[in-house]
Structure formats: structure tokens, C-alpha cells
Ligand code: GDP
Ligand code: MG
């Protein structure tokens, strides 16, 4: 898109208000890009109309070209339609790390039933196990999984096997039971044995049919789920609207999980589904392995749908988010050669604001390889958030004078952050290295100046 757009915008260098003609020309290209990303046609039409209304007549800012401005309007509108900027940083930032969850509603008398619905092969069973594992590990929930798929041979065994791999209990299989009966037994077992959450994995079909919908609706009536999640393949193209509408109308949905986001799909289905159902996209499946589950960030998917991997937007974003005084403060610090844990914390926060490591990486062309290496080394945003949690469970004094943090303080800090002492140690070491580098920068600066005859 960027290339095509810059072609158009090279011709639009004039300043002033964006005219209807300017915007229409640009939006023709946006339309093609959205269709290429597999956004459903009616959704594309609505989107383009909404952007047009916003863009025409807007004054072109002095610091950007009209092209950049339209791209920004398109991008912002896309983020808004996808559900806005993620809440988890804002709403949950005050909570200790282990309470920051997947954004699922478990706020009912336990066990909370979570109903997983979707077409066959969309990833329901895999995602059921992924969510269960995450709830158990991060949120310390006791989770029971039950497969209601009595149609596909060995479907129940598939879930049982995943349960063994993930260390999550599954409901014992009783041959011949109906889905409703299995669901009821799962909830009874859950209540009797003190489970917090019961995950109900349903059967799917290759296409939507009435019998499937009726079956899922009966399970819903029997269990009153606190979450009903539609699991959908990111590759779902124009069909996304039909699938999402059918499940929403017949079963009711509280959220959407998009799977196979690790594939080539540009994720247009996210926009289609969100637009027609109004349901939030809550989670993303990013691989076959059981730990490949991420919370949804509208801005990242927006960038992916538009295919905006370019340095200009990186620069723009950086300029937007790094407040001037923050930058000046940091520059002063670097000159002074001092770098305490507060400085580390503000750097990490800055990084997150800029869309996190993956957001940053996604904007640089040709960094796919580095990104994979980072993934292998488990360097990601959740690590940054974890480090921030550790930093925020330190006292002010400790952050200013890290040398006072001895063993007993480390234990307290790690407990407060829901982390291990090893993680605290690792962070301290990382900080020491950064501080050492700052000192070197200062020394080098002096030497350089001396060479030029300055004090
Ligand atoms: P179900 O029929 O909806 O229960 O789908 P399954 O959970 O059985 O998944 C179907 C296939 O998709 C399996 O081979 C999974 O390993 C694979 N799968 C599920 N989620 C993802 C994902 O996020 N990424 C990738 N690459 N594969 C996935
Ligand atoms: Mg299944």
C-alpha cells in the first residue's frame, strides 16, 4: 500500500485542506489494499465512506505531506474500528502481574463456563487448551476442559491428549453422551471438585448449518457461559461476515479469537468480523504450539492489514510518543553518565508506548529474521511488562540506589511482582550493564572533546 500510495501522493504535494478529489484518489488505493487483505466487501465500503467523511476538508498539517496525513487518518480509523488501543496497559497496569489476565470475564459463581464455537478446523480445540494453560499458569485458575465434539472421531481424545501435554484436567470421556449432557456433567464436576473455570470445546462444521447452530444453542442454554468465544481462522476471507453473523445471531458471542495469525494472512477477517458483530477481538493464536496465544492489539493488526512496513511511520510514531522533555531528560542523564532503575523503567515504558518490540520491529522493513530470533530468545513485550512489574514493586529509594537491593529485598520485590528472584537478578544485571555503558559513553565523550582541545 505504502508504495502505491506514495505514487499517488507524490502528485499531492500541495498544502492546504484535503480536497474531495485528493481523498478519493487515495482511497481508491486503500480500497484495493483492504480487499487484498481479505476484508469483506461491504465492510470495505463502509470503512472507505467513514474515512472519506473524516478526511475531506481536514487541514494538512505543516509537518507532514497530504499523503502521510491520509495514511494516518486511514490507520487511526482502522484502529478505532478494530476496537481502539488495547486496554490492558491502561486498565490493568495497576494490578500485580499475575492478576493481569486474558481479558476474559470469569466474574461469576465458579466454575465459569467458557464456550468455544466456530467452524471445523478453525482451531477451537487447540485454542481451548491454550487458554486453559494460560489461565492455569498466569491466573492460577483451576481449569477443567471438556470436549463436546461427539461427531468427529477421536475429537474427545485429541483434547484429552492436549490436556496431558499442558497439565490441564479433562472431563473423563463417557461414550454415547450428547453434547448437552457432557456440558452439564462438566459443570457438575467443576462445581463438585472446586474448579474455577470449565472450558467447553464444541464440534464444528465445514460450513454453517442449522443443526450445528441448534446444538450449540442448546449447550449455551444449558450452561449460561460467562464467555462465548468465536474461534476463526485469520485466513477466512469473504466468508468471515457470514460466519460471524450466523454465530452472533444464533448463539450470541462475547468475543472473537483469531487463529493462524502466524500465517500469511493479512488479517482482514479481524476487521470484517469486528465490524459486523461489534464483538471485541480478544485473543490471537500465533502458532500450533500450546503457548502461542497473544492478547489482541488493534494497532498492530491495523498496520498489518494496511501493509505499512515502512520507516516513515516508525519515525512519525517515535516523534509522536517520545515527549520532548522525556527525551531531553534522557540526554542529560546520558551526559552525566548516571543511569538508575527509574531511568530503566522510563525507557521500558517508552518502548511499550511505541507499540512494543514487535510493533517497532514490524515497522522496519526486512527485520523478519531478527524478529524470529527474538522470539526464539523469548524477548517480547510480555517480558518488558514483567520487568516493569518488578521495577514498580521496588521502593523509590531502591530504584535510585540499586546497590542497597540485597537478598531479602530481592525476595520481597519478586513476591510483589509475581516474579522469581532469578528474574529480579537478571533485571539487576541488565541494568548494571546499561549503567556501565552510560559511563563509557561519558568517558568517550570526554576523550573525544579532549582530542579537540576542549577541557
Ligand atoms: P478445531 O477443529 O476447530 O477444533 O481445530 P483444531 O484445534 O483441531 O486445529 C486444527 C489445526 O489447526 C491443527 O492442526 C492445529 O494445530 C492448527 N492450529 C490451531 N491454531 C493455530 C494457530 O494459531 N496457528 C497455526 N499455525 N496453526 C493452528
Ligand atoms: Mg476440535
Identity of the residue in region 27-41, over 12 Å from residue 306 (Cβ atoms) and more than 26 Å from the chain's Cα centre (by Cα), that ends up surrounded by the fewest Cβ atoms within 10 Å (Cβ to Cβ): 28
Selection status of residue 240, surrounded by 15 or more Cβ atoms within 10 Å (Cβ to Cβ) and either under 30 Å from residue 35 (Cβ atoms) or in contact with a strand residue (DSSP E or B) (Cβ under 6 Å, 6 or more places away or on another chain) (or both): yes
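So which of 241, 198, 219 ends up being modelled with pLDDT of 95 or more, away from ligand 2 (no atom under 16 Å from the Cβ) and assigned by TED's automatic domain parsing to the domain that holds residue 134? Reasoning before the result, please.
Numbers: 241 fails: modelled with pLDDT of 95 or more; 219 fails: away from ligand 2 (no atom under 16 Å from the Cβ).
After applying the criteria, what remains is 198.
What do you reckon, is residue 234 farther than 20 Å from residue 158 by Cα and buried (at least 17 other Cβ atoms within 10 Å of the Cβ)? Give the derivation first.
Numbers: farther than 20 Å from residue 158 by Cα: yes; buried (at least 17 other Cβ atoms within 10 Å of the Cβ): yes.
Yes, satisfied.
Determine whether region 115-122 contains at least one residue that is under 17 Å from residue 226 (Cβ atoms) and away from ligand 2 (no atom under 12 Å from the Cβ).
Looking through region 115-122, at least one residue is under 17 Å from residue 226 (Cβ atoms) and away from ligand 2 (no atom under 12 Å from the Cβ).
For region 185-211, how many residues meet the condition of being farther than 18 Å from residue 104 by Cβ and within 30 Å of the chain's Cα centre (by Cα)? Full working, then the answer.
Restricting attention to region 185-211, the residues satisfying the condition of being farther than 18 Å from residue 104 by Cβ are 185, 188-189, 191-194, 203-211.
Filter again for within 30 Å of the chain's Cα centre (by Cα), leaving 203-208.
Selection size over region 185-211: 6.
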Qualifying helices (runs of 4 or more DSSP H) (wholly inside region 1-104; at least 1 residues being at pLDDT below 50): 2-10, 87-92
Selection count where residues are within 16 Å of ligand 1 (Cβ to nearest atom) and either closer than 18 Å to residue 144 by Cα or in contact with a strand residue (DSSP E or B) (Cβ under 6 Å, 6 or more places away or on another chain) (or both), scope region 185-222: 7
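Against the definition (closer than 28 Å to residue 137 by Cβ and either within 13 Å of ligand 1 (Cβ to nearest atom) or without any contact (Cβ under 8 Å) to a residue 24 or more places away in the chain (or both)), how does residue 232 come out, yes or no?
Working: closer than 28 Å to residue 137 by Cβ: yes; either within 13 Å of ligand 1 (Cβ to nearest atom) or without any contact (Cβ under 8 Å) to a residue 24 or more places away in the chain (or both): yes.
Considered against the rule, which asks whether it is closer than 28 Å to residue 137 by Cβ and either within 13 Å of ligand 1 (Cβ to nearest atom) or without any contact (Cβ under 8 Å) to a residue 24 or more places away in the chain (or both), residue 232 comes out as yes.
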Qualifying residues in region 248-266 (those that are within 13 Å of ligand 1 (Cβ to nearest atom) and more than 13 Å from the chain's Cα centre (by Cα)) - the one surrounded by the fewest Cβ atoms within 10 Å (Cβ to Cβ): 264
Test: residue in region 131-149 that is near ligand 2 (Cβ under 8 Å from one of its atoms) and more than 18 Å from residue 295 (Cα to Cα): yes
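Whether any residue in region 212-219 is surrounded by 18 or more Cβ atoms within 10 Å (Cβ to Cβ) and in contact (Cβ under 8 Å) with a residue 40 or more places away in the chain is what I want to check.
Of all residues in region 212-219, those surrounded by 18 or more Cβ atoms within 10 Å (Cβ to Cβ) come to 212, 215-216, 219.
With the extra rule that they be in contact (Cβ under 8 Å) with a residue 40 or more places away in the chain, the set shrinks to 216, 219.
Yes - at least one qualifying residue is present in region 212-219.
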Any pair with Cβ under 8 angstrom, 6 or more apart, that starts in region 260-287 at a residue that is touching a residue at least 60 places away in the same chain (Cβ under 8 Å) and under 17 Å from residue 306 (Cα atoms) and ends at one that is within 11 Å of ligand 1 (Cβ to nearest atom) and part of a loop (DSSP other than H, G, I, E, B): 265/234; 265/235; 267/234; 267/261; 269/234; 269/235; 270/234
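So that you can scan it fast, the table gives a plain yes or no per residue for (1) in contact (Cβ under 8 Å) with a residue 40 or more places away in the chain; (2) buried (at least 18 other Cβ atoms within 10 Å of the Cβ); (3) in contact with a helix residue (DSSP H, G or I) (Cβ under 8 Å, 6 or more places away or on another chain):
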position: 391; (1), (2), (3): yes, yes, yes
position: 394; (1), (2), (3): yes, yes, yes
position: 401; (1), (2), (3): yes, no, no
position: 405; (1), (2), (3): no, yes, yes
position: 414; (1), (2), (3): no, yes, yes
position: 418; (1), (2), (3): yes, yes, yes
position: 423; (1), (2), (3): no, yes, yes
position: 429; (1), (2), (3): no, no, no
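The values are calculated or read from the model by the stated rules, or taken from the named source; none is laboratory data. These figures come from a predicted structure and were not determined experimentally. Every residue, glycine as well, gets a Cβ built from its backbone with ideal geometry; the counts of neighbours run over all protein chains shown.
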